[in-house]
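Visitor: Sharing a structure with you now.
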Amino acid sequence: MRTLFLAIFTICTAIAASSGEIASPDGNFRLSINTNTEGEPYYSLSYKGTPVIVDSRLGLQSPEANFDKGFRIIGTDTCHIDRTWTPVWGEYAEIRDNFNEMLVKFGSMTSGLEMDIRFRLFNDGLGFRYELPVQDKANYLTLKKELTEFNFTGDHTLYCIPGDYDTDEFLFSEVPFSGTSEALARYKGVHSESESIRETAVQTPLLLKTADKTPLYISLHEAGLIGYPGMSLTVDSDKRSLSALLTPDRLGNSAYLQLPVLTPWRTLIVSDDARDILASQMILNLNEPCSYEDTSWIKPMKFVGVWWEMFVTDATWSYSDDFRAKPGVTDYSKIKPNGHHAANTANVKRYIDFAAKNGIQGVLVEGWNEGWEDWASFKKNRQFLFDKPYPDFDIKELQKYAADKGVQIIMHHETAANAADYERNLDKAFSYMKDNGYNAVKTGYVGTVIPRSEHHTSQWMVEHVRHVIEKAADYRIMVDSHEAPKPTGLCRTYPNWLAQESARGGEFEAFGGNPPSHTCILPFTRLKGGPMDYTPGIFEIHYWNRENGKKSQAFTTLARQLALYLTMPSPIQMACDFPETYERFDDAFQFIRDVPVDWADTRYLEAEPNRYITVARLDKNSSDWYIGAITDDKERTALIDFSFLPKGVKYVATIYEDAPDAHFMTNPQAYRIRTINVNSKTKIKQRLAPGGGTAIRIAPAQIANK
């Protein structure tokens, strides 16, 4: 059903003013708005008396009309809202939306232009957006630049990846403002093949840690990215400043707009406690409520699939090695198969059997359809067909086989970044899915975008991906999108958008590995926009690297892979390894069988970006709690306080932990499982091996003992 609101308290006022000031509901934040002598709008923000943002410019520039100077404040409207709402899925059963709002009205002293900027100040930070009303002096705008600045007070530490219009699959750097130029130059040297890396820019979500004795943590991102290009940030290391950099098309234009215009929200989450950054729901609060009256068809799930074997064995997505094959033209039944095609009926049945046996709801199948024989995608207008299975993939037989076992097959739509062709074929593709019993799809945009004038994060692609989500909802289809524009909380408005990749995911463990710190920073950065399809669950740590033909390994312990199901929350979680691998480690796989993907409550117990995270979550459908703890490449002792448990209730905790001699490099598969009795007074010291982790299931004693 539609998300419901309970409005608790609302007060609104309108006044004429020459400047604007508001505080957060708890009084910790103070925001000031003003103009300088040139009529340029500025804002500043403080937290508990400490400056966070010093005077920083606001405005928009376009050839048709510049909304950047010559303004004065002609009035303000203020409002206080305190309400709660119920998400379809997520980390919490209810979310409080409590803020003070100020709409600042700017009027030009010369051109007659009007511009409003809406500010919302929460107890955990600030969101603001530009609102251009219908007016006589402007209509169509070709947006060239957004002037939004974020001017800081010191040589703060940035946890960042380089600005890139087409990919965010990078490892993070931890550098001070003064070191960003050198760090960004290193990215350009390592990733010289990427034409769209900006050597002076970083991407959002971005985390900063101030250089103060008592540091502040600042998360900078955007919310509600609709009809507008994605934002990166240009770095001025000398001035300790960041400024908006909008992804342009290849003509150099950022956006094509018609008034009235509502831009995305620019967001700042701020706290002196790192745990508050992880717990903040501000970005979701800044998005619009659920668009659907009925959400009963949206079902969070775990899944396995035909995927990992294409990275660590000689299995292929393609049916044949004949690169002359053309989808829709070639008679695939008459060409020679390569003998390594993974998406064949017998192999898919093997995954269906495993899923059914272990209570896993879904099976993803990649490489099932015509078009994988070559990857000349940018040079041609048709790469894949979305209603033409390969000869060895019997879609009707598999539909019945899966349905009889209570398992859902997840469709895969790789587009090779030909978004234009995919958009033309959406109805055909989704109709084919529904005709064959599919209600979830993983989309992909690997490659250079078609239309050939666009980037992955440009305005056109932002709108394309949203169109896919809305069209999918018409067919009651859930979507897990990869290589799409970064998430900005739109999963609240479109809850069938279960997850995105939009970062360097678990697949990179097969390309040389992700350092343990990577999943200690992603929850502070990428996950602030929405859940990620990270693909945890690697149990066979050593594997064959098909990229270089050598033996390689993932940089993790087995126990850490279990903990990721808690520290990297998502309503759609993969168990990515092979069925036979899980059968070898059946006692550890029990945690993956048990762990939910939808939560009633969340408590962040310990956190430091790039170092460690410990989190407790309450299952939405039972009274069980779960804990996940991870560390970087250094051994750590997690201090776990169970005071979040209800008082007077006895629990049994099943602990999946690193063995005493475990180490992510030298002994990654060493783990042990033990049980202890716990209650709300229990505190334990839990060892985490270097690169390791711990996963805990906590069940009421009367249930656990049955």
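The values are calculated or read from the model by the stated rules, or taken from the named source; none is laboratory data. Source: prediction; values computed, not measured. In this analysis, Cβ positions are derived from the backbone assuming ideal geometry, glycine residues included, and neighbour counts consider all displayed protein chains. The protein model used for the area step is the full one, side chains on, heavy atoms only, and it has no ligands, DNA or RNA in it. Shrake-Rupley method; radii C 1.70, N 1.55, O 1.52, S 1.80 Å.
Visitor: Any idea how many residues of segment 419-453 are in contact with an Asp or Glu (Cβ under 6 Å, 6 or more places away or on another chain) and crowded, with 17+ Cβ neighbours inside 10 Å?
Guide: The number of residues fulfilling the criteria is 4.
Visitor: When Gly59 is evaluated against the numbered criteria (1) out of contact with any Lys or Arg (no Cβ under 6 Å at 6 or more places or on another chain); (2) open to solvent by 20 Å² or more (accessible area, probe 1.4 Å), which criterion, by number, is the only one it fails?
Guide: Checking Gly59 against (1) out of contact with any Lys or Arg (no Cβ under 6 Å at 6 or more places or on another chain); (2) open to solvent by 20 Å² or more (accessible area, probe 1.4 Å), the one that fails is (2).
Visitor: Go through segment 531-554 and report how many residues are open to solvent by less than 10 Å² (accessible area, probe 1.4 Å) and at pLDDT below 95.
Guide: Here the count works out to 1.
Visitor: If we scan segment 653-670, do we find a residue that is among the charged types (D, E, K, R), under 29 Å from the mean Cα position of the chain (by Cα) and buried (at least 20 other Cβ atoms within 10 Å of the Cβ)? So that I can check it myself, show each step before the final result.
Guide: Step one: of segment 653-670, the residues among the charged types (D, E, K, R) are 657-658, 661.
Those left that are additionally under 29 Å from the mean Cα position of the chain (by Cα): 657-658.
Now drop any that are not buried (at least 20 other Cβ atoms within 10 Å of the Cβ), which leaves 657-658.
Scanning segment 653-670, I find at least one residue that is among the charged types (D, E, K, R), under 29 Å from the mean Cα position of the chain (by Cα) and buried (at least 20 other Cβ atoms within 10 Å of the Cβ), so the answer is yes.
Visitor: Among what's in segment 246-272 and is of a type in the set (S, T, N, Q) and crowded, with 21+ Cβ neighbours inside 10 Å, pick the residue that is nearest to the chain's Cα centre (by Cα).
Guide: Thr267
Visitor: Considering only residues that are open to solvent by 40 Å² or more (accessible area, probe 1.4 Å), out of contact with any strand residue (DSSP E or B) (no Cβ under 8 Å at 6 or more places or on another chain) and farther than 15 Å from Lys69 by Cα, look in segment 1-46 and name the one that is modelled with the lowest pLDDT.
Guide: Among those that are open to solvent by 40 Å² or more (accessible area, probe 1.4 Å), out of contact with any strand residue (DSSP E or B) (no Cβ under 8 Å at 6 or more places or on another chain) and farther than 15 Å from Lys69 by Cα, it is Met1.
Visitor: Within segment 192-210, work out how many residues are under 22 Å from Gly447 (Cα atoms), touching an Asp or Glu at 6+ places or on another chain (Cβ under 9 Å) and surrounded by fewer than 19 Cβ atoms within 10 Å (Cβ to Cβ).
Guide: Of the residues in segment 192-210, 3 are under 22 Å from Gly447 (Cα atoms), touching an Asp or Glu at 6+ places or on another chain (Cβ under 9 Å) and surrounded by fewer than 19 Cβ atoms within 10 Å (Cβ to Cβ).
Visitor: Being open to solvent by 60 Å² or more (accessible area, probe 1.4 Å) and among the β-branched types (Val, Ile, Thr) is the filter here; which residues of segment 302-360 pass it?
Guide: Val329
Visitor: While we're on this one: I need a count of the residues in segment 463-481 that are open to solvent by less than 10 Å² (accessible area, probe 1.4 Å) and of a type outside the set (Gly, Ala, Ser). First the steps, then the outcome.
Guide: Within segment 463-481, the first condition is being open to solvent by less than 10 Å² (accessible area, probe 1.4 Å), and the residues that meet it are 464-465, 468-469, 472, 477-481.
Add one more test, that the residue is of a type outside the set (Gly, Ala, Ser), and what stays is 464-465, 468-469, 477-480.
Number satisfying all stated conditions: 8.
Visitor: Kindly check whether there is at least one residue in segment 377-387 that is among the aliphatic types (A, V, I, L, M) and either within 28 Å of Cys576 (Cβ to Cβ) or assigned to a helix (DSSP H, G or I) (or both). Give the derivation first.
Guide: Let us first name the residues in segment 377-387 that are among the aliphatic types (A, V, I, L, M), namely 385.
Subset that is either within 28 Å of Cys576 (Cβ to Cβ) or assigned to a helix (DSSP H, G or I) (or both): 385.
The answer is yes; a qualifying residue exists.
Visitor: Are any of the residues in segment 311-330 in a loop (DSSP other than H, G, I, E, B) and farther than 22 Å from Glu370 by Cβ? Walk me through how you get there before you give the answer.
Guide: Quick first cut of segment 311-330, residues in a loop (DSSP other than H, G, I, E, B) only: 313-315, 317-319, 321-330.
Pick out the ones that are also farther than 22 Å from Glu370 by Cβ and you get 313.
Within segment 311-330 (the criterion being in a loop (DSSP other than H, G, I, E, B) and farther than 22 Å from Glu370 by Cβ), the answer is yes, since at least one residue qualifies.
Visitor: Still on this structure, please answer the following. Just to check your reading of the model, which residue among Lys683, Lys634 is basic (Lys, Arg), open to solvent by 70 Å² or more (accessible area, probe 1.4 Å) and under 28 Å from the mean Cα position of the chain (by Cα)?
Guide: Lys634
Visitor: While we're on this one: Among all residue pairs at least 6 apart or on different chains, which show Cβ distances below 6 Å where the first residue, located in segment 111-123, is under 17 Å from Ile269 (Cα atoms) and open to solvent by less than 40 Å² (accessible area, probe 1.4 Å) and the second is polar (S, T, N, Q) and assigned to a strand (DSSP E or B)?
Guide: Hits for this filter: Leu121/Asn100.
Visitor: For the condition touching a strand residue (DSSP E or B) at 6+ places or on another chain (Cβ under 6 Å) and farther than 24 Å from Tyr228 by Cβ, what is the one hit in Arg118, Arg83, Arg57, Arg129?
Guide: So the residue among Arg118, Arg83, Arg57, Arg129 that is touching a strand residue (DSSP E or B) at 6+ places or on another chain (Cβ under 6 Å) and farther than 24 Å from Tyr228 by Cβ is Arg83.
Visitor: In addition: Output the number of residues of segment 677-706 satisfying the condition of being closer than 20 Å to Arg593 by Cα and outside any loop (DSSP other than H, G, I, E, B).
Guide: Counting residues in segment 677-706 that are closer than 20 Å to Arg593 by Cα and outside any loop (DSSP other than H, G, I, E, B) gives 11.
Visitor: Just checking: which of the helices (runs of 4 or more DSSP H) contained wholly in segment 550-664 hold 1 or more residues that are in contact (Cβ under 8 Å) with a residue 24 or more places away in the chain and more than 23 Å from Ala699 (Cβ to Cβ)? I'd like the intermediate steps shown before the answer.
Guide: Numbers: elements: 558-567, 579-584, 586-594.
Answer list for segment 550-664: 579-584.
Visitor: Now a separate question. I want to confirm something. Restricting to segment 483-493 and keeping residues that are at negative phi and crowded, with 22+ Cβ neighbours inside 10 Å, which single residue is farthest from the chain's Cα centre (by Cα)?
Guide: The initial filter retains those residues of segment 483-493 that are at negative phi, namely 484-488, 490-493.
Restricting the remaining residues to those that are crowded, with 22+ Cβ neighbours inside 10 Å gives 484-488, 490-492.
Values: Ala484: 10, Pro485: 10, Lys486: 7, Pro487: 5, Thr488: 8, Leu490: 10, Cys491: 10, Arg492: 13 Å.
Ranking the qualifying residues of segment 483-493, first place goes to Arg492.
Visitor: Also, I was wondering about something else. Do you know which residues across segment 336-376 are more than 23 Å from Thr535 (Cβ to Cβ), within 30 Å of the chain's Cα centre (by Cα) and either among the hydrophobic types (A, V, I, L, M, F, W, C) or modelled with pLDDT under 95 (or both)?
Guide: Asp374, Ala376
Visitor: Can we say Arg697 is within 30 Å of Trp85 (Cα to Cα) and open to solvent by 10 Å² or more (accessible area, probe 1.4 Å)?
Guide: Details: within 30 Å of Trp85 (Cα to Cα): yes; open to solvent by 10 Å² or more (accessible area, probe 1.4 Å): yes.
Judged against the criteria, Arg697 is a match.
Visitor: Follow-up question, since we're still on this one. His412 passes all but one of (1) part of a strand (DSSP E or B); (2) open to solvent by 10 Å² or more (accessible area, probe 1.4 Å); (3) more than 19 Å from Ile298 (Cβ to Cβ); which number fails?
Guide: Of (1) part of a strand (DSSP E or B); (2) open to solvent by 10 Å² or more (accessible area, probe 1.4 Å); (3) more than 19 Å from Ile298 (Cβ to Cβ), only one is false for His412: (2).
Visitor: Taking into account only those residues within segment 211-245 that are free of Cβ contacts under 8 Å to residues at least 60 places away in the same chain, over 30 Å from Leu257 (Cα atoms) and out of contact with any Pro (no Cβ under 8 Å at 6 or more places or on another chain), which is surrounded by the most Cβ atoms within 10 Å (Cβ to Cβ)?
Guide: Among those that are free of Cβ contacts under 8 Å to residues at least 60 places away in the same chain, over 30 Å from Leu257 (Cα atoms) and out of contact with any Pro (no Cβ under 8 Å at 6 or more places or on another chain), it is Pro215.
Visitor: On to the next question. Could you please find all residues in segment 434-482 being of a type in the set (Asp, Glu) and out of contact with any strand residue (DSSP E or B) (no Cβ under 6 Å at 6 or more places or on another chain)? I'd like the intermediate steps shown before the answer.
Guide: Here is the first cut: in segment 434-482, the ones of a type in the set (Asp, Glu) are 435, 454, 463, 470, 474, 480.
Within segment 434-482, Asp435, Glu454, Glu463, Glu470, Asp474 meet the criteria.
Visitor: Is it fair to say Gly189 is of a type in the set (Gly, Ala, Ser), touching a Lys or Arg at 6+ places or on another chain (Cβ under 6 Å), open to solvent by 20 Å² or more (accessible area, probe 1.4 Å) and at pLDDT below 95?
Guide: Working: of a type in the set (Gly, Ala, Ser): yes; touching a Lys or Arg at 6+ places or on another chain (Cβ under 6 Å): no; open to solvent by 20 Å² or more (accessible area, probe 1.4 Å): yes; at pLDDT below 95: yes.
Against the criterion (of a type in the set (Gly, Ala, Ser), touching a Lys or Arg at 6+ places or on another chain (Cβ under 6 Å), open to solvent by 20 Å² or more (accessible area, probe 1.4 Å) and at pLDDT below 95), Gly189 does not qualify.
Visitor: Further question: Going by the structure shown, is Thr148 open to solvent by 50 Å² or more (accessible area, probe 1.4 Å) and under 30 Å from Ser271 (Cα atoms)?
Guide: Details: open to solvent by 50 Å² or more (accessible area, probe 1.4 Å): no; under 30 Å from Ser271 (Cα atoms): yes.
Spelling it out, it is not the case that Thr148 is open to solvent by 50 Å² or more (accessible area, probe 1.4 Å) and under 30 Å from Ser271 (Cα atoms).
Visitor: Six or more apart or on different chains, Cβ under 8 Å: which pairs go from a residue in segment 326-345 that's free of Cβ contacts under 8 Å to residues at least 60 places away in the same chain and of a type in the set (D, E, K, R) to one that's open to solvent by less than 70 Å² (accessible area, probe 1.4 Å) and not in a loop (DSSP other than H, G, I, E, B)? Could you list them?
Guide: Correct list of pairs: Lys336/Ser320.
Visitor: Moving to a separate point now. Please tell me if Gly70 is surrounded by 17 or more Cβ atoms within 10 Å (Cβ to Cβ), on the phi > 0 side of the Ramachandran plot and in contact with a helix residue (DSSP H, G or I) (Cβ under 8 Å, 6 or more places away or on another chain). Working first, answer last.
Guide: Numbers: surrounded by 17 or more Cβ atoms within 10 Å (Cβ to Cβ): yes; on the phi > 0 side of the Ramachandran plot: yes; in contact with a helix residue (DSSP H, G or I) (Cβ under 8 Å, 6 or more places away or on another chain): no.
No: the conditions fail for Gly70.
Visitor: If you scan segment 565-601, which residues turn out to be under 30 Å from Ser643 (Cβ atoms), open to solvent by 10 Å² or more (accessible area, probe 1.4 Å) and not small (Gly, Ala, Ser)? It would help to see each step written out before you state the result.
Guide: Kept after step one, since they are under 30 Å from Ser643 (Cβ atoms), are these residues of segment 565-601: 565-571, 573, 587-588, 590-601.
Still in the list and also open to solvent by 10 Å² or more (accessible area, probe 1.4 Å): 569, 587, 590, 593-594, 596-598, 600-601.
Matches in segment 565-601: Pro569, Asp587, Gln590, Arg593, Asp594, Pro596, Val597, Asp598, Asp601.
Visitor: Same structure again: I'd like to verify a number: residues in segment 99-110 that are in a strand (DSSP E or B) and modelled with pLDDT under 95, how many? Outline the logic, then answer.
Guide: Here is the first cut: in segment 99-110, the ones in a strand (DSSP E or B) are 99-108.
Within this subset, residues satisfying the condition of being modelled with pLDDT under 95 are 108.
Residues that pass the stated criteria total 1.
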